[in-house]
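Scroll down for the structure; my scribbles are underneath it.
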Ligand SMILES: [Zn+2]
């Protein structure tokens, strides 16, 4: 794939950087990011190299561009491709052809991504030196969800200014382009965050990517303490921040009434069709978070969760999608026993047991002749599941 042009233009209330990408197999399209007024995006090749890397590895196409890239990032990109190939053998180590950038001036600001979820709230409260909080429309929240994003934006701006920080909002269409062929969770969301960080490489010497997992829960994933720093350049460090467990993070946040009031974790949204500015209180992630908050006696204080919808007997309906997620639930179960809530611990054990059976049946249903499992058995088992 080749970046055949980069246009940085002024738009209403900001700037747009649009890269025209031509694919080796044919076809061209624009991938764009919009940044706010006062923050024109970098015109180097660095954000685009970070962005295209997971797609190039997925499509098995080399990357070629005339935009200059940083030597440190270029070396990091080579190592990223080798790491990803080791994690996911279907991906390819592809060549990168781009001229080297001469060293730019050293910026000094520190930024963090912020969505008011558990990981990013924890990060900004523990790292008050992060003066700039970046939120992207077009990653978890669709680029078309303008009304929901306007409400989200209003809330996040208010939180940032109450801490004396600057909120920076970015929009992008990348998940509406071929770029979405790179697997978002397993591979591409870390590179997308790094690419966004590097759009601001002229302003920030350090950008924090809030960690998703604890040190003892690590596995190959789109954002990871080994891969994220490899997106650093000579002048901007990309930092994977805070290898604490989700339980530890929520415990920490429970000391901050404002964080409880504003906590927003849901990807499903009100109508179940995608993230908006609400917590649906019916999905696995909402429920998992609500259990921990309930054990801490903090659920009532969370304005964006509806405590009325929390029912201990529904915990058994949670579908635990993988062995990795079982680890999260094992931790919460241990905490429930510590808090003398054997009822919650029992329900979690039931959910984990049921989910194992369902996952086994899902695997079996892929075998020839066992399609009936898919048609008759799984729909019944999953009818009330919280997914
Ligand atoms: Zn939800």
(message) I'd like the per residue volume of the convex hull spanned by the Cα atoms of segment 190-238, given in cubic angstrom.
(response) 64 Å³
(request) Have a look at 282, 16, 126 and tell me which one the Gaussian network model of the chain (Cα, springs below 10 Å) gives the largest fluctuation. (result) 126
(request) Assuming R0 = 22 Å, can you tell me the calculated FRET efficiency for the pair residue 338 and residue 307, based on Cβ-Cβ distance, to the nearest 0.05? (result) 0.50
(request) Starting with the fewest neighbours, write out 206, 29 ranked by other beta-carbon atoms found within 10 Å of each beta-carbon. (result) 29, 206
(request) Could you grab the relative contact order for segment 179-277? Cα pairs under 8 Å, six or more apart, rounded to a whole percent. (result) 25 percent
(request) Show that you can apply the helix-only estimate: for the chain, add -39,500 (n - 2.57) for every DSSP H stretch of four or more residues, divide by all residues, and state [θ] at 222 nm to the nearest 500. (result) -11000 deg cm²/dmol
(request) Taking just the C-alpha trace of the chain, give me its Rg and Dmax in Å. (result) 21.7, 64
(message) Quick check: convex hull of the Cα atoms in segment 12-111, volume per residue, rounded to a whole Å³?
(response) 123 Å³
(request) Give me the angle, in degrees from 0 to 90, between the Cα long axis of helix 189-199 and the longest principal axis of the Cα atoms of the chain, rounded to the nearest 10. (result) 40 degrees
(request) Per residue, how big is the convex hull around the C-alpha atoms of segment 267-387? Give it to me in cubic angstrom, could you? (result) 105 Å³
(request) Enter the angle in degrees (range 0 to 90, nearest 10) between the Cα long axis of helix 323-338 and the first principal axis of the Cα atoms of the chain, meaning the one along which they spread out most. (result) 50 degrees
(message) Rg and Dmax in Å for segment 117-248, alpha carbons only: what are they?
(response) 14.6, 39
(request) Note down the nm distance, to one decimal, between modelled labels 7 Å out along Cα→Cβ at residue 20 and at residue 155. (result) 4.1 nm
(message) Compute the helix-to-body angle for 146-162: its Cα long axis versus the longest principal axis of the chain, expressed 0 to 90° and rounded to tens.
(response) 90 degrees
(message) Tell me the relative contact order for the chain as a rounded percent, counting alpha carbon contacts under 8 Å between residues six or more apart.
(response) 14 percent
(request) Report, for the chain, the % of DSSP beta bridges that are antiparallel, rounded to 5. (result) 45 percent
(request) Mind checking the full-extension length gain between residue 181 and residue 322? Use 0.36 nm per residue of separation minus the Cα-Cα distance, one decimal, nm. (result) 48.5 nm
(request) Just check segment 89-136 against the gyration tensor rule for me: Cα atoms, a ≥ b ≥ c as the square roots of the eigenvalues, rounded for a/c under 1.5, and otherwise prolate or oblate depending on whether a/b exceeds b/c. (result) oblate
(message) Test of understanding: express the Cα radius of gyration of segment 201-266 as a ratio to 2.2 N^0.38 Å, with N the residue count.
(response) 1.31
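Laboratory data are not the source of any read-out in this text; all were calculated from the coordinates shown. Just so it is clear, the structure is predicted and the values come from calculations on it, not from any experiment. All Cβ positions, even for glycine, are placed from backbone atoms using ideal geometry, and neighbour counts span all protein chains on display.
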